[in-house]
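Engineer: Questions regarding the structure given below will be posed in turn.
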Amino acid sequence: MLLRARIGTFATFVLAGVLCGTWVARMPALTEKFRLDEGRVGIVVLVWGLGALVAMQGLRGVMARHGSRANLRVALPLASVAAAGVALAPSYAVLLGAVAAFGMAFGITDIAMNAQAAVVERAYRRPVLSGMHAGWCVGAMAGGLFGVATAAAGLGFTAAVLTAALVTFPVGLALGRTYLADPPAIAAAAGGRRARMPAAVYLIGVLAFIAFMTEGSIADWSGLLLHDELGSTQAVAALGYPVFQLAMLAGRLIGDRLRVLVGTRRLLTGAGIGTAAGMAVVVTAPSVPVAIAGLFLTGLVVCTIVPTTISLAGTTAPDRPAAAVAQVGAMGYGGLLLGPVLVGFLSDATSLRVGVGVVVVLALLIAAGARFVPLGPADAAGTGDAGADLRVAEAEPLAA
């Protein structure tokens, strides 16, 4: 049962990554389809993020009544349906409405699958969330490579995204049988609207906000940077995102073990500094190969930040991990919303290199903020044993 749930949750991250990877990789084709400038692309991204945030407002109450399993059973297939609506939008106005619906479905899927991953992590009683997020990288890389293939074949945005939606829909339905039920005591606490989260949850949320700003900016603008600033073809521009995700996958496969070995603070500090260095290479690159190499380096080090903040959220409030994950996730999505839009407006006012360069500053803020994250007993003692964050809650029974 537990292994099936872990595999099913991993596969859920894969499917979500496929949808997002295809959408991101074909962003240049979307701009050509509707003849969008960078400011209007920023609006599309803004609407997507607003849709996600609006849907998340009542998520804690929904989690209390139904749990992450029930949410995923509905939200994941619905995200595929919404992606099909984006693909088929005939005009810019209709596109904005479809993107809002896609953002809502995708936002709920993202938070619910992270909450489900936190349930699985608690059952294993050791860090597994970085490995779960590796599933996202697998899917995003596959979606990005699919975008490369469709661009090279001359297929447009509509055909690429619609195909991805049709493939992921039935698989999403089938995965619904693999999820673990949220423990009743946790589910009840997760939805308590009057229950206050520990202050540490909001501190972690601030770090997640910055981390999501960083990843979102890279994901949404790397293709356009390669295409518009460095003059690559659409197919090569689409390659940037799957290369980034390939590096993320490599880093996340060892991220849980690395966190145990070096400790949470050292991991986050190193990831922030490394991300700043990698993106400095990207924004100053004189050629496409150098920029792609910078994206690979960035993905290799930025990959552990988001899963670490989600894991910290679940352990900081051990009696209400789903609610804490939802809170941190909602704050993170605020960064996901603001980051790409900020890059878009800065790019409009200056250049795309300058706009994307804001990621360097964001990454340095992550490195500086790492010293303030709350740690488990062993981490605080300097042993680097991140698993202690999970073992403090072992006394509580877990549902299988």
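Each reported figure results from applying straightforward, stated rules to the coordinates on display, with no laboratory input. It should be emphasised that the depicted structure is a prediction, and the values quoted were computed from it without experimental measurement. Reconstructed Cβ throughout: ideal geometry from the backbone, glycine too, with neighbour counts over all protein chains shown.
Engineer: Cα gyration tensor of region 218-271, axes a ≥ b ≥ c as square roots of the eigenvalues: rounded (a/c below 1.5), prolate (a/b > b/c) or oblate? Intermediate results must be reported in sequence, preceding the final value.
Structural biologist: Details: a/c = 5.29, a/b = 2.71, b/c = 1.95.
Prolate is the answer for region 218-271, as a/c is 1.5 or above and a/b outweighs b/c.
Engineer: Another question about this same structure. Sort 329-341, 208-220, 160-172 for me by packing, meaning the mean count of neighbouring Cβ atoms within 10 Å per residue, highest on top.
Structural biologist: Order by mean packing, descending: 208-220, 329-341, 160-172.
Engineer: Taking the Cα atoms of region 107-241, what is the range of coordinates along each of the three principal axes, in descending order and whole Å?
Structural biologist: Its Cα atoms span 53, 35, 28 Å along the three principal axes.
Engineer: While we're here: Springs between alpha-carbon pairs under 10 angstrom, Gaussian network model over the chain: which of Leu155, Leu50, Leu145 fluctuates most?
Structural biologist: Leu155
Engineer: Please report the equivalent ellipsoid semi-axes of region 1-116, computed as sqrt(5 x eigenvalue) of the Cα gyration tensor, largest first, in whole Å. Write down the numbers at each step before the final one.
Structural biologist: Details: eigenvalues 158, 49, 21 Å².
They are 28, 16, 10 Å, listed largest first.
Engineer: Which whole DSSP H helices in the chain pass both tests: a Cα extent of 20 Å or more along the axis and a mean Kyte-Doolittle value no lower than -0.5? The partial results should precede the final answer.
Structural biologist: On the way: long enough: 2-25 (34 Å, 1.43); 38-56 (27 Å, 1.68); 59-88 (35 Å, 0.77); 92-124 (46 Å, 1.15); 129-152 (34 Å, 1.16); 157-175 (27 Å, 2.02); 199-224 (39 Å, 1.43); 234-253 (30 Å, 1.10); 264-283 (28 Å, 1.05); 288-302 (21 Å, 2.40); 321-349 (42 Å, 1.26).
For the chain, where a helix must reach 20 Å along its axis and average at least -0.5, the hits are 2-25, 38-56, 59-88, 92-124, 129-152, 157-175, 199-224, 234-253, 264-283, 288-302, 321-349.
Engineer: For the chain, give the magnitude of the charge dipole about the Cα centre (Cβ charges: +1 Lys/Arg, -1 Asp/Glu; no others), in debye to the nearest 20.
Structural biologist: On the way: 26 positive and 18 negative charges, 191 e Å.
Here the size comes out at about 920 debye.
Engineer: Right, something else. Could you please report the charge total around Gly176, scoring K, R as +1 and D, E as -1 over all other residues with beta-carbon less than 9 angstrom from its beta-carbon? Could the numbers behind the result be given before it?
Structural biologist: Numbers: positive: Arg69, Arg73, Arg177; negative: none.
Spelling it out: positives minus negatives among the neighbours equals +3.
Engineer: Starting from the Kirkwood Rh over alpha-carbon pairs, what translational D in µm² s⁻¹ does the chain have by Stokes-Einstein at 4 °C and 1.567 mPa s?
Structural biologist: On the way: Rh = 20.5 Å.
D = 63 µm²/s.
Engineer: With a cut-off of 8 Å between alpha carbons and a minimum separation of six or more residues, what is the relative contact order of region 58-147 in percent?
Structural biologist: Relative contact order, region 58-147: 28 percent.
Engineer: Given R₀ = 41 Å, what would the calculated FRET efficiency be for Ala349 paired with Met1, taking r from the Cβ atoms and rounding to 0.05?
Structural biologist: Numbers: r = 54 Å, r/R0 = 1.32.
So the FRET efficiency works out to roughly 0.15.
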